[in-house]
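The values are calculated or read from the model by the stated rules, or taken from the named source; none is laboratory data. The model shown is predicted, which means the values in this text are computed figures rather than measured ones. For neighbour counting, all protein chains shown are included, and Cβ atoms are generated from backbone atoms with ideal geometry for every residue, glycine included.
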Amino acid sequence: MAKDDMGWATRDSGKCSNSHSSGNQWACTTIRSSQAFGVIWSYEPGAPFMNSMRGSGLSGARNLCNVQRLPRLGTCGREVAMMLSTIVIQAVAFAALAAAKDYDYILVLEAGPAAGPDELRIAVPGMRGAGLGSLYDWNFTTTAQPHLKNRTVDVNRGKVLGGSAALNYLCYDRAAAAEYDGWGELINDTKRWNWDVMIGAMLKTENFTGNDGDKHGRTGPIRTTYNRIVPEFLKTWRPTLRSLGIPGNDGGSLGGNPIGAMYQPTNIDTTKWTRSNSATDYLPLAGPNLEVRTNTHVARVEFVAGSHPLRASGVVLEDGTKIAAKREVILSAGAVQSPNLLELSGIGQSAVLKAAGVPVLRELAGVGENYQDHIRLSNVYRLKSNYSSFDPMIYDSAGPIASEQLRLWLAGNVSWYDYTSTAYSFVDWSLIGNATQSKLLGLARNESTNHAIDRKKLEYLANPSVPQLEIIMESNFVGATTSYPGSGAYTTILTSVMHPLSRGTVHINPSRPLGPPIIDPRYLSHEYDRQALIEGSKFARKIAGTKPMASIWTAEIEPGPGVQTESEWNEFATQGMGSFYHPVGTCAMLPEKDGGVVGSDLVVYGTANLRVVDCSIIPVLLSAHIQTAAYGIAEIAAEMIASASSA
């Protein structure tokens with residue numbers, strides 16, 4: 001490693017070493033230690049800010065290198081966007097910024113490592129979830145949850161280039177149009193945030209292979225298609241739901257009307273049949289003015305002393321190293337760590353900051369509040385012996401079946417390892433029954449406050465176009481209260497409540513501010529949430545008992561035939577409730593008086609040039625898996641930043 005005249009390490013183009021170089025084809029660019037960076041990006045797994053810059057003509061950066069030493073705060077005037085990966089890493093926005101004429105350098109900071117195509121736990125679609133709990137995961141947990149008998153719940157967040165999008169289950173869908181319109185209504189800016197704007201941004205990110213008549217992008221970086229393997233027993237999905245009055249919605253669920261039963265696409269690159277995400281498909285589009293530094297952890301944002309509003313001047317790394325930003329600092333650390341970075345930087349509730357010994361620079365009550373997440377239960381059924389399932393690939397991954405299927409996948413042939421979630425349904429409560437709808441709407445009205453978020457959720461509950469329950473039929477055992485029995489083939493019907501009323505918090509730990517945050521989702525603190533979970537699981541049992549699906553299984557494993565009374569259902573919900581790992585809302589795009597953290601321009605209140613660009617800005621949890629929204633937010637933010645840079 002060369003050194004400059006100040007003694008700091010520099011990197012020569014083409015001579016960068018990388019512990020994950022086998023999976024990276026990006027060239028390295030020369031960096032001098034005296035550079036100050038114009039934009040700093042703090043990044044989370046799953047946040048797709050980098051794609052938005054591509055749509056603004058900023059694409060073109062290419063790079064990827066680990067750095068042994070970062071430059072100290074310098075005085076020369078290079079502008080750079082720096083991204084810190086806390087949970088979901090999206091290099092897309094940075095790529096876009098790199099092409100803007102006013103930005104001649106962009107730096108992306110990722111807290112975790114890079115993972116190349118040889119990391120099968122990420123690349124192989126059928127190994128979805130294999131990275132959870134690994135070195136690529138922050139491995140957070142909640143506090144003991146009183147309404148779950150003091151159980152803790154895992155909070156899995158990606159700590160790898162590509163963020164949570166490198167670890168997720170490749171579910172690719174969109175919510176109801178009314179929900180995206182709701183963002184603009186809540187922030188009083190319906191021109192900047194609405195369905196038309198968001199669908200345009202989400203389509204810009206997509207590159208769909210196939211013909212289904214649905215709403216797709218065809219030229220974006222993120223590759224999508226349908227699974228090339230569908231287990232035989234999953235083919236009972238649509239006819240079973242049709243017989244229960246759930247309409248089919250194949251080829252129509254991605255255009256703002258997701259109600260119904262359908263097969264849905266997945267983010268797979270059909271040229272290699274591998275996972276497609278921001279690290280694999282946005283970063284290669286970037287130009288030479290973008291560099292990625294992995295294994296680099298940001299501790300806080302710095303501000304110009306005495307500035308009002310606060311003007312971000314750069315970031316400080318955990319080892320004390322400083323990097324200067326000339327124009328903007330952007331946090332994309334996700335719903336768990338973006339609010340934490342704000343608090344560590346002196347922005348948040350004064351009581352929280354003072355308890356942690358952090359000087360208060362700006363009181364902002366909404367930081368770390370409004371934590372929302374999808375909650376779920378599992379109904380598990382043992383399949384008849386003539387059916388094969390995905391179970392051997394999970395529970396006997398070194399066995400002969402899994403080994404043969406992996407060989408097939410590595411050879412480019414159709415394999416069980418191509419499989420991701422396929423069979424979905426999104427319903428409102430009226431489709432399950434008028435009595436169910438009346439019961440749950442009454443509970444929600446009784447428990448709701450006059451807060452803007454609660455009012456909006458009640459509005460969605462009364463809107464038949466907005467789903468309240470997601471149902472997924474899976475091809476393997478996904479137990480919540482029991483373990484895999486050791487043999488046999490299984491199917492699981494997952495049910496997830498789309499708009500739970502419980503809202504929690506995430507804050508820095510006063511005794512260890514730089515350590516894992518204190519995450520308290522307050523799961524099931526509203527009776528509506530508990531009863532919604534139970535009604536969803538009851539309906540899953542009804543689905544399983546309806547022909548043709550009733551003909552494929554022999555025994556119900558969960559909840560099990562012993563769960564019949566209301567008391568037994570309550571206990572099952574308490575013991576079995578899990579998370580779908582979709583936290584949002586903790587840096588909400590709301591008016592400050594309503595607990596907002598950012599305005600419609602995504603700039604943090606009380607600051608001049610600090611933005612948040614990730615799913616933490618989503619004010620109300622969506623009736624969809626959140627990766628498509630993350631990419632859309634990134635595209636919109638990129639255009640905002642590009643416009644601001646040229647003003």
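When the residues of region 623-635 are filtered to those that are in a loop (DSSP other than H, G, I, E, B) and under 12 Å from the mean Cα position of the chain (by Cα), the one that is nearest to E369 (Cα to Cα) is I626. Do we find that P239 is surrounded by fewer than 20 Cβ atoms within 10 Å (Cβ to Cβ), modelled with pLDDT under 95 and not in a loop (DSSP other than H, G, I, E, B) in this structure? Spelling it out, it is not the case that P239 is surrounded by fewer than 20 Cβ atoms within 10 Å (Cβ to Cβ), modelled with pLDDT under 95 and not in a loop (DSSP other than H, G, I, E, B).
Which ones in region 463-498 are part of a loop (DSSP other than H, G, I, E, B) and either basic (K, R) or in contact with a Gly (Cβ under 7 Å, 6 or more places away or on another chain) (or both)? Steps first, answer last, please.
Taking region 463-498 first, the residues part of a loop (DSSP other than H, G, I, E, B) are 463-468, 475-489, 498.
Selection gives A480, T481.
So, in region 549-585, of the ones that are assigned to a strand (DSSP E or B) and small (G, A, S), which residue ends up farthest from G366 (Cα to Cα)? Within region 549-585, the match that is farthest from G366 (Cα to Cα) is A555.
So which of S397, S313, S307 is more than 30 Å from G578 (Cα to Cα) and either in contact with a helix residue (DSSP H, G or I) (Cβ under 9 Å, 6 or more places away or on another chain) or at pLDDT below 95 (or both)? Reasoning before the result, please.
Details: S397 fails: more than 30 Å from G578 (Cα to Cα); S307 fails: either in contact with a helix residue (DSSP H, G or I) (Cβ under 9 Å, 6 or more places away or on another chain) or at pLDDT below 95 (or both).
Checking each option against the conditions leaves just S313.
Hey, among V603, V620, V613, which residue is without any contact (Cβ under 8 Å) to a residue 24 or more places away in the chain and aliphatic (A, V, I, L, M)? Quick ask: steps written out before the conclusion?
Working: V620 fails: without any contact (Cβ under 8 Å) to a residue 24 or more places away in the chain; V613 fails: without any contact (Cβ under 8 Å) to a residue 24 or more places away in the chain.
Selected residue: V603, the only one of V603, V620, V613 that is without any contact (Cβ under 8 Å) to a residue 24 or more places away in the chain and aliphatic (A, V, I, L, M).
The residue list I259, I222, I229 contains one member that is surrounded by fewer than 24 Cβ atoms within 10 Å (Cβ to Cβ), aliphatic (A, V, I, L, M), in contact (Cβ under 8 Å) with a residue 40 or more places away in the chain and under 29 Å from N413 (Cα atoms), which is I229. Going by what's in this entry, would V336 be described as surrounded by fewer than 23 Cβ atoms within 10 Å (Cβ to Cβ), touching a strand residue (DSSP E or B) at 6+ places or on another chain (Cβ under 7 Å) and aliphatic (A, V, I, L, M)? Judged against the criteria, V336 is not a match.
Within region 579-604, the residues that satisfy the criterion of being surrounded by fewer than 18 Cβ atoms within 10 Å (Cβ to Cβ) and either closer than 20 Å to M640 by Cβ or not basic (K, R) (or both) are P591, E592, D594, D601. Each residue in region 278-305 was checked for being assigned to a loop (DSSP other than H, G, I, E, B), of a type in the set (A, V, I, L, M) and out of contact with any Lys or Arg (no Cβ under 7 Å at 6 or more places or on another chain), and 1 pass.
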